[in-house]
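A.B. asks: Take a look at this one; I'll ask things after.
The values are calculated or read from the model by the stated rules, or taken from the named source; none is laboratory data. Here the structure is a predicted model, which is why all the values come from computation and not from measurement. Cβ: placed from backbone, ideal geometry, glycine included. Neighbour counts: every protein chain shown.
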Amino acid sequence: MTKPASVQAYTVPLSELKQDPQNANLGTERGMIMLEASMEEVGFTEAGSVDRNGVIMSGNKRQIVAARALHADEALIIKHDGTRPIYLQNDAHDLNDPNTGARKAAYDANRVPEINLRWNADALKEDIATGLDLSGSFFPSEVDRIAAERKRPVEFEAIDIEETQYKCPKCGHGWNGRPVP
């Protein structure tokens, strides 16, 4: 049985949400391209989180891309106390109907963040040094690996064809795209 919930929802200008200056995810060029393409194709499907001051806790990259890909100028804020999960229902999507883009959106919801993750080792180490306990999220060896990777530049080889194409220097995977401004 469903019971009505007491929910406070309102809109704010998207520009009023503030990027987290300590966000430890630097993102990737390919990930931002994928995020924009996904939003253009299937819309905004993953909610972000903001703190009580309007600073983005999760969804920093989505805020940047939503303004550009969806021409969004407002965000819907739902205030809650964190004791119950929140699910967004998109009435345009139906997982059983291949024409709605829902299945693609489900894949993108998992794949885009995977590709768009590049840790800021300095921010990570600074937070740990100030006492933030991330031991449940990172093994010490993982923090060391992230710090070591930071020293290697991330460069993607442009392939000279009509469209801009990229090739991962590690695995050789290639993809088409356009540079993120």
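A.B. asks: Could you please give the count of residues in region 84-127 that are surrounded by 16 or more Cβ atoms within 10 Å (Cβ to Cβ) and not charged (D, E, K, R)?
C.D. replies: Final tally of qualifying residues: 14.
A.B. asks: Give me the residue from region 15-30 that is outside any loop (DSSP other than H, G, I, E, B) and of a type outside the set (D, E) and, out of that set, farthest from the chain's Cα centre (by Cα).
C.D. replies: In the first step, residues of region 15-30 are kept if they are outside any loop (DSSP other than H, G, I, E, B); the result is 15-16, 18, 25, 29-30.
Filter again for of a type outside the set (D, E), leaving 15, 18, 25, 30.
Working: S15: 17, K18: 15, N25: 9, R30: 12 Å.
In this case the residue turns out to be S15.
A.B. asks: Quick one: which residue in Y107, Y87 is under 22 Å from L17 (Cα atoms) and either in a helix (DSSP H, G or I) or at pLDDT below 90 (or both)? Lay out the reasoning, then the answer.
C.D. replies: Working: Y107 fails: under 22 Å from L17 (Cα atoms).
Every option except Y87 fails the conditions.
A.B. asks: Can you pull out the residues in region 41-66 that are part of a helix (DSSP H, G or I) and surrounded by fewer than 14 Cβ atoms within 10 Å (Cβ to Cβ)?
C.D. replies: Here is the first cut: in region 41-66, the residues part of a helix (DSSP H, G or I) are 41-42, 60-66.
Correct list: E41 only.
A.B. asks: Report every pair of residues separated by at least 6 positions or lying on different chains whose Cβ atoms are under 6 Å apart, first residue within region 93-110 and among the hydroxyl-bearing types (S, T, Y), second outside any helix (DSSP H, G or I).
C.D. replies: That search, which allows pairs on different chains as well, returns T100/H93; T100/D94.
A.B. asks: Within region 31-40, identify whether any single residue is in a loop (DSSP other than H, G, I, E, B), at negative phi and either in contact with a Gly (Cβ under 6 Å, 6 or more places away or on another chain) or not aromatic (F, W, Y) (or both), and answer yes or no.
C.D. replies: Initially, region 31-40 is screened for residues in a loop (DSSP other than H, G, I, E, B), giving none.
There is no residue in region 31-40 that is in a loop (DSSP other than H, G, I, E, B), at negative phi and either in contact with a Gly (Cβ under 6 Å, 6 or more places away or on another chain) or not aromatic (F, W, Y) (or both).
A.B. asks: Let me ask something else. Which ones in region 71-84 are more than 16 Å from M57 (Cβ to Cβ) and assigned to a loop (DSSP other than H, G, I, E, B)?
C.D. replies: Correct list: H71, A72, D73, T83, R84.
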